[in-house]
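The values are calculated or read from the model by the stated rules, or taken from the named source; none is laboratory data. Note that the coordinates shown come from a computational prediction; the quantities given were computed from them, not determined experimentally. Virtual Cβ from ideal backbone geometry, glycine too; neighbours counted across all protein chains shown. These area figures cover heavy atoms from the full protein model, side chains too; ligands, DNA and RNA do not enter into them. Shrake-Rupley method; radii C 1.70, N 1.55, O 1.52, S 1.80 Å.
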Amino acid sequence: MEKLLNKLLKFPWLVLILIIISSIGFFLIMKSNSRMETDLDKYMPQHHPAFVYSNQAEEWFNIKDGIIIAIENQDGIYNSGTIQKVKDLTKALQKMKQINKDDVTSLYTADNIIGTEDGMDVRPFFKRTPKTDEKLKRLRSNVRNNEMIFGRLVSTDETVTVIIAEIEDDVFSQEFYRQILELGKSFEDPENIHVAGRPIVEGTMALLGPADMKRMVPIVVLVIILVLLLVLRSFKSTFFTLLVVLFSTVWAFGLMAAVGIPIYAVSTMIPVMLIAIGVADGIHLYSHLHQFMIKNPDATKKEAMLDMIQGMWKPVAMTSVTTAVGFISLLTSQVYPIKYFGLFTAFGVMMAMVFSLALIPAGVMVLGLPKWKKQGKNSDEKKGSFASTFSEKIVKYKYATIIITAVVIVISITGIGKVWINSSFLEKFEKDSDIVLTDKFINENFGGTSTLNVILDSKEKDAFKNPDILRAIDRMQQDVDGTLEIVGNSFALTDYLKRMNKVMHADSEKYDSIPESQDLVAQYLLLYEMSGDPENLWKVVNYDYNKANLTFQLKSDNSKAINSAIEVIEKHIPELNEKNVELKYAGSGYKGLVFTDLILKGQIASLLLSLVIVIILLSLMFKNFMVGLIGSVPIIITSIISFGVMGLLNIPLSTTTALLSSIAIGIGIDYAVHFLERYKIYAAETGDKNLTGQHTMQHSGRAIVFNAVVVIAGFLVLLFSVFPPNRALGALVSLNMFTSFLGTVTIMYLLLFVSNIYFKHTEQKLTRIKNLHG
């Protein structure tokens, strides 16, 4: 590597041109091939058994995510103007090419099951818009008397009605999203139109993600420029260091586009990561160059570059590899956004290393050495005095340092027990954002915008015509609906049968129950198939009546809500199993829950893997396993504190914050590598523990502080993100960088000091000399 870099110094212009041209090529690929992934199902591994079964169940019962359009009239919906809008908006949705006509449900398309003199009939609530008060009153009466519609399609206060348009996963696009919003807006006044549903969440995320990235990147670049100017005190140094991170970001996104990997919501943070992380190499290279020029003011730029490459390529390579390892460990995750985030951020980190070792020396050879403002002797003495004092105090008050650290760890461990995983995509948005407020409005007036599908399966044909099984399902529905406030409604074959039984007995509440015999159940179902739309029936049961779909509507899409429902549902499993009925789950709500489990498993696996690999790498780098263990102590403590803070502040693990441990380990270990390298050098030179500590603090400590300041400043920019999880990640990573830095210069230094790991031979030699003279 060193020989190759030395050869490149002979052709600096060629190096610059090749890097610039290739970066332009990657930029063009990125610009033409990049796409944002809007289907949240694509965030999940489709080969996972839970997803395979869920997808199969979705085919059986035509389970789809729906766009929910709520029409609100504060004076009540039962007027000809509002009812006409329900009809017109329903028809407009049915005409859209992305929506199947039969997949639009509203008061205009809904079936009204009623009793007649001849038996039972299924009719629409209206075909022509009712104009007279009498017809409007009749419509209202019909809705109020139909428990399958009242509270589900029309709110109980009768001021809101909803239209649900179910769509396939692959039809949603930015253009379709825009059309839906514009369509809804065109029907406003005096009614208010509210648009919600999982596809709308996806569309909003796809819209805000790139916009957030476009807004964040200039801010982080500006912050990094200011911090680099402060740290490096040179425009040339700042310019080339910035070029390194910008080119590495372009290469990362260019490669992503070239291999057909889409941009996920979490991918929008890669530029912030690379810009904040990639400057570290430049800081260490220019810091070394600065020290060399102070000692050798008459050296030529080529001599300076040769010395910089010779002295720095190994530590730069080591820190880049350890950082990349932290991100590569995310490949253990089965969650696609996290997996690809780790892979392409690691690639970007390695490209930042390559550009730092090639672009910066080439830039110096072409444009000359940076001109630094000279610092007086007093300034250097002050820095040396502070470093020496700090080193002495850490050793002097070592027990206090250890006790404080132990207390912080104990408090953090109590917080770790409170960490929870959040599968909610809606909670990625601000609480006062339009999409969250709309979702809240619909949840307050209806059963809920999120769903959990319970799939009931029997090997016996016509099992779900058996009244005993149907009553068991009904008991489960009543239990879940009545126990949990988070569950707004449920819908199953039982609701059809209870409605039919009631209307066949003159709407008597006494008969709002499952029919007594299997023959009667079969007769009702046959009547419905003959007079109604059997397609509606096949959404809750299959043709052979041995598979059924029970849907629970939830007022939240987070994992706590779904788990609370599942906990009550599973109390009924023994009773169903006795009747030879198996129970499984499906739908987007359940897949989101499985998603959270995969996040947790991936988090644990990546954390353990990165720790093991980092310890092995440190042991190999410093040829001592004990050094590898000591070097890992700051990042282990940092990880404990990080998760403890998450638990204590109620910050959940999500697709965003799940990146935390790998980022903390990948970046935080850099401080340990530089400190250990310098400590080893001074230990060999001085042979004195105190002097070694003082010199290490004075020289390596300076670069570590600069590194920490730049990275913390870069990640704090995430506080300006429109997504709350991004802001949480920015604050937590900044905290991690601070604790990693502090842990390196305190606990790790004390372990090095107390263990005598680089002074054992010196002490043995002194002991032998004493014995000889004794």
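Quick notes on this one:
- Carbon plus sulfur fraction of accessible area for the range 495-582, probe 1.4 Å, in percent: 46
- Gap separating the Cα centres of the range 208-281 and the range 683-739, nearest whole Å: 19
- Between the C-alpha center of the range 151-169 and that of the range 563-614 there is a gap of 30 Å.
- Annotation: Cα Rg of the chain relative to the compact-globule expectation 2.2 N^0.38 Å equals 1.20.
- Using the alpha carbons alone, the radius of gyration of the range 94-250 stands to its Kirkwood radius in an Rg to Rh ratio of 1.30.
- With protein chains left intact and a 1.4 Å probe, residues in the range 329-372 average 27 Å² of accessible area per residue.
- Normalising the average separation of contacting C-alpha pairs (under 8 angstrom, six or more residues apart) by the number of residues puts the relative contact order of the range 123-226 at 14 percent.
- Computed 3J(HN,Hα) for the range 92-108, one whole-Hz value per residue from the Karplus formula 6.51 cos²θ - 1.76 cosθ + 1.60 where θ = phi - 60°, is 4, 5, 5, 7, 5, 5, 7, 10, 6, 3, 6, 9, 9, 10, 7, 4, 6, glycine and proline marked x.
- With all protein chains in place and a 1.4 Å probe, the accessible surface of the range 274-368 carries 63 percent carbon and sulfur.
- Taken about its Cα centre, the chain carries a charge dipole of about 4960 debye when Lys and Arg each add +1 at the Cβ and Asp and Glu each add -1 at the Cβ.
- In order along the range 201-214, the Karplus-derived 3J(HN,Hα) couplings, from 6.51 cos²θ - 1.76 cosθ + 1.60 at θ = phi - 60°, round to 4, 4, x, 5, 5, 5, 7, 7, x, x, 5, 5, 5, 4 Hz, and Gly and Pro are given as x.
- Loop-exposed GluC sites (Glu not before Pro) per DSSP, neighbour cap 10 Cβ within 10 angstrom, longest uninterrupted part of the chain: 118-484
- On Cα atoms only, tilt of 434-445 relative to the major axis of the chain in degrees: 40
- Accessible surface computed residue by residue for the range 410-499, with neighbouring protein chains in place and a 1.4 Å probe, gives 42 Å² per residue.
- Estimated from the Cβ-Cβ distance and a Förster radius of 51 angstrom, the FRET efficiency linking Gln179 and Glu516 is about 0.55.
- For the range 454-578, the dipole from Cβ point charges (+1 on Lys and Arg, -1 on Asp and Glu) about the Cα centre works out to 120 debye, to the nearest 20.
- With respect to the chain, whose longest principal axis is taken over its alpha-carbon atoms, helix 660-686 is tilted by about 10°.
- Under the Karplus curve 6.51 cos²θ - 1.76 cosθ + 1.60, θ = phi - 60°, whole-Hz ³J(HN,Hα) for the range 513-527, x wherever Gly or Pro sits: 8, 6, x, 5, 10, 5, 4, 5, 4, 4, 5, 4, 5, 5, 4
- Whole-Å semi-axes of the ellipsoid equivalent to the range 705-744 (Cα gyration tensor, √5λ, descending): 20, 10, 4
- Viscosity 1.567 mPa s, temperature 4 °C, Stokes-Einstein D of the range 185-259 from Kirkwood C-alpha radius, µm²/s: 81
- P(r), alpha carbons of the range 241-303 - 10 Å bins starting at zero, rounded %: 19, 34, 22, 15, 9, 1
- Kirkwood Rh in Å, taken over all unlike Cα pairs in the range 538-622: 16.5
- Carbon + sulfur, % of accessible area of the range 78-187 - ligands and nucleic acids excluded, 1.4 Å: 44
- Over the range 150-283, accessible surface divided per residue gives 34 Å², non-protein components excluded, 1.4 Å probe.
- Angle between the chain longest axis and helix 398-416 axis [Cα atoms, degrees, rounded to 10]: 10
- Relative contact order computed over the chain (Cα-Cα under 8 Å; 6+ residues apart), in percent: 19
- Working from the Cα coordinates of the range 571-730, the gyration tensor eigenvalues give, after taking √(5λ), semi-axes of 44, 20, 11 Å in decreasing order.
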